[in-house]
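Worksheet: one structure, shown below.
What follows is calculated from the coordinates using simple rules that are stated; it is not laboratory data. Source: prediction; values computed, not measured. Here the Cβ positions follow ideal geometry from the backbone for every residue, glycine too, while neighbour counts run over all protein chains shown.
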Amino acid sequence: MAQIKCPKCKRNFSSNNTESFVTRGAAAAAGAGVGAWFGAEIGIVGGPASGIAGTVPGAIVGGLAGWFAADQFRRCPHCARIFKT
Ligand SMILES: [Zn+2]
């Protein structure tokens, strides 16, 4: 049985643990958060104003990526952290 290790609390849980399944909406939200941060990081290279501008498209791209990759996301049953496996 495959074990997944949480990157936050370092505890293992089974990949078949139904508590760990993430809905597409939740994965999209998690992806959007990462995407917004990523977009801002890229934008900051071009200046503070483009850092803000990069947040929105980053969130959209990240949200879409999360939506389509929902089966690759898991929620840790110990600390509720959502992360990509
Ligand atoms: Zn955890």
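Structure notes:
- Dipole magnitude of segment 3-84 about its Cα centre (Cβ charges: Lys, Arg +1; Asp, Glu -1), debye to nearest 20: 380 debye
- Selection from 40, 54, 3, by position along the positive dipole direction of the chain (Cβ): 3
- Normalised by 2.2 N^0.38 Å, with N the number of residues, the alpha-carbon radius of gyration of the chain equals 1.23.
- The chain, helix-only ellipticity at 222 nm - DSSP H runs n ≥ 4, -39,500 (n - 2.57), divided by all residues, nearest 500: -17500 deg cm²/dmol
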